[in-house]
1. Which of the residues belonging to the range 47-95 are within 30 Å of ALA30 (Cα to Cα), surrounded by 13 or more Cβ atoms within 10 Å (Cβ to Cβ), small (Gly, Ala, Ser) and without any contact (Cβ under 8 Å) to a residue 40 or more places away in the chain?
2. Of the residues that sit in the range 32-46 and are of a type outside the set (Ser, Thr, Tyr) and closer than 13 Å to GLY80 by Cβ, which one is surrounded by the most Cβ atoms within 10 Å (Cβ to Cβ)?
Amino acid sequence: MSATHLVVLPTANDGAVGEPIGQKILRLQAEARGLAHEHVELLRSALSEVARLSEEISDGGEAYPVGARELARRLAEDAGHQALTLGAINDRALN
């Protein structure tokens with residue numbers, strides 16, 4: 001019976017071997033900022049979708065209850081403004 005040979009494979013490394021700590025910190029901070037930008041963009045997108053759905057309901061006529069139409073009208077306006085504001089803030093943060 002022959003012996004099995006184990007081979008050690010290198011593991012995935014976040015950066016270069018021997019990367020200076022200061023450089024690693026800067027890299028990780030840049031990665032965190034990028035992820036935060038994506039996260040805010042997801043929220044902006046969700047608010048835009050809320051505004052779109054709310055507008056459909058507020059314009060839906062008698063098929064929808066009066067209270068739901070009124071709430072949807074206010075939501076459409078507010079969510080739309082908030083989405084625009086978030087987009088502007090997020091775009092400025094990139095610069």
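What follows draws every value from the coordinates through simple rules; no lab data is involved. Keep in mind the model is a prediction, meaning the values are calculated, not measured. Cβ coordinates were reconstructed from backbone atoms using ideal geometry, including for glycine residues, and neighbour counts include every protein chain displayed.
1. Passing the criteria: SER48, ALA79, GLY80, ALA83.
2. So the residue we want is ARG44.
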